[in-house]
Amino acid sequence: MNTGASAKINLLGLTRQQLEAFFAERGEKSFRASQLMKWIHQQGVTDFDAMTNLSVALRQRLNQEAEIRAPELVTEQCSADGTRKWVLRLEGDNAIETVFIPESDRGTLCVSSQVGCALDCTFCSTARQGFNRNLTSAEIIAQLWFARRALNDSAESADKITNVVMMGMGEPLLNFNNSVAAMELMLEDFAYGLSKRKVTLSTSGVVPAIDRLKQVIDVSLAVSLHAPNDELRDQLVPLNRKYPIKELLAACRRYIDGKNHKHTITFEYVMLDGVNDSVEQAYQLAKLIRNLPSKVNLIPFNPFPGTGYKRSSQIIIDRFRDILQQNGLTTITRRPRGDDIDAACGQLVGKVQDRSRRAQHFMRLEQSAIIEREASI
Ligand code: SAH
């Protein structure tokens with residue numbers, strides 16, 4: 001390990017306010033922060049010596065005390081549909097995945113917030129990897145920083161990233177401060193300047209953190225609902241046992257209250273064959289969220305090795321969508337993207353040194369299932 005390098009402050013993940021404080025401590029004017037942010041985030045420059053509008057003395061000082069360090073690329077894959085997936089290596093032999101999804105009118109980057117995930121949603125492959133640690137704000141924003149450079153290098157315009165969704169690996173509200181800092185950089189004019197409607201945080205429903213989020217930043221909120229009642233949601237999203245649907249929806253209501261009337265909550269609903277896709281469940285869902293300004297994203301389940309779930313058929317998904325629409329809910333079905341390179345929702349696994357021993361737990365479960373199957377033959 002290079003202890004010299006790790007003693008330096010990584011400026012990549014610092015918000016404008018934090019950078020201003022960094023410069024103030026060194027007797028520098030606050031506009032140095034915006035200058036530096038432009039170099040880092042807009043120009044992609046990591047070498048202080050190339051930052052020609054900083055004095056030579058300041059550059060020398062930065063070289064001694066600071067660095068701009070992003071994770072390294074492990075692999076890049078491009079799907080037949082244009083979706084790109086990057087695997088980035090982090091310290092501690094972990095890796096995370098970042099996905100870019102181009103569409104005709106926009107380009108969405110799906111960003112991870114944790115190495116693995118501590119929640120245990122039964123239909124998500126990230127859950128099986130277990131949990132290792134929170135990403136730093138530098139590691140979160142580095143995914144956007146890196147993707148813009150990679151798209152530039154491939155002759156695709158970096159401006160293609162118009163939207164960012166915190167929907168990769170992990171639960172962003174359980175890595176609150178770092179996720180917020182990274183999102184501040186996404187919105188910051190001297191960094192990425194994205195519109196607040198185009199930065200979306202997706203959560204499984206950490207109720208107190210939804211309230212805190214509203215106090216500190218204005219971004220769009222997506223909620224992974226997946227079930228129209230507590231009995232089923234308790235099974236699919238175990239966090240529901242702590243924060244049941246009624247409390248979650250009340251928090252959603254508080255989140256948009258007082259904001260401009262166009263503000264809506266996006267509910268994500270993964271379509272699981274025979275589990276949450278019936279006519280009755282569609283009506284139940286419509287009734288549940290009808291009075292909240294919201295839209296529903298139906299996500300066809302993306303399978304992964306070892307899962308017991310299946311994707312609902314197209315006919316069933318369409319039937320579900322029609323019922324929601326007839327009940328006045330804006331509903332779209334998300335097209336699975338990048339599933340040929342395992343880049344679709346719920347397929348991101350990275351490389352997680354599991355500290356929760358979840359992976360071993362699942363391996364044991366799978367092994368005992370195999371033993372049971374073999375014993376029954
Ligand atoms: N923890 C956050 C963000 C990560 S998940 C959250 O739960 O919202 C991003 C989205 O992908 C969620 O809506 C999640 O439920 C969905 N998802 C997870 N596994 C999936 C799978 N196998 N197929 C389709 N969607 C899945």
Theoretical gain in end-to-end length, residue 152 to residue 278 [0.36 nm per residue, Cα-Cα removed]: 40.9 nm
Would you mind computing, in nm to one decimal, how far apart the modelled labels at residue 75 and residue 230 are, each placed 7 Å from Cα along Cα→Cβ? 4.4
Using a 7 Å offset from the Cα along the Cα-to-Cβ direction at both residue 330 and residue 291, what is the distance between the two label points in nm, to one decimal? 2.1
Say each of residue 259 and residue 46 gets a label point 7 Å from the Cα, pointing the same way as Cα to Cβ; how far apart are those two points in nm? 3.4
Would you kindly state how much longer the chain becomes between residue 319 and residue 18 on full extension, computed as 0.36 nm times their sequence separation minus their alpha carbon distance, in nm to one decimal? 103.3 nm
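Determine the percent antiparallel among the DSSP beta bridges restricted to the chain, to the nearest 5. List each step's numbers first, then the result.
Numbers: 22 of 49 bridges.
That works out to approximately 45 percent antiparallel.
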Compute the Cα gyration tensor for the range 178-306, then decide on rounded, prolate or oblate, letting a ≥ b ≥ c be the square roots of its eigenvalues: rounded whenever a/c is under 1.5, prolate when a/b is larger than b/c in the other cases, and oblate in all that remain. prolate
Could you name the lysines in cross-link range of residue 38, using Cα to Cα under 19 Å and dropping any fewer than eight places away on the same chain? 29, 160
Tell me, what is the 1.4 Å probe accessible area of residue 287, in Å² to the nearest 10? 150
Once the in-chain neighbours fewer than 8 apart are removed, the lysines whose Cα is under 23 Å from residue 214 read 196, 198, 242, 246, 259, 262, 295
accessible surface per residue for the chain, probe 1.4 Å, DNA/RNA/ligands not counted, whole Å² -> 47
With the cut-off at 1.5 for a/c, could you classify the range 72-362 from its C-alpha gyration tensor as rounded, prolate or oblate? rounded
For the chain, which whole percent of the accessible surface, found with a 1.4 angstrom probe, sits on carbon and sulfur atoms? 49
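The values are calculated or read from the model by the stated rules, or taken from the named source; none is laboratory data. None of the values given here were measured: they were computed from a predicted structure. FYI the Cβ positions are ideal-geometry reconstructions off the backbone, even for glycines, and counts take in every protein chain you see. We work out accessible area using only protein heavy atoms, side chains counted, and drop any ligands, DNA or RNA first. Shrake-Rupley method; radii C 1.70, N 1.55, O 1.52, S 1.80 Å.
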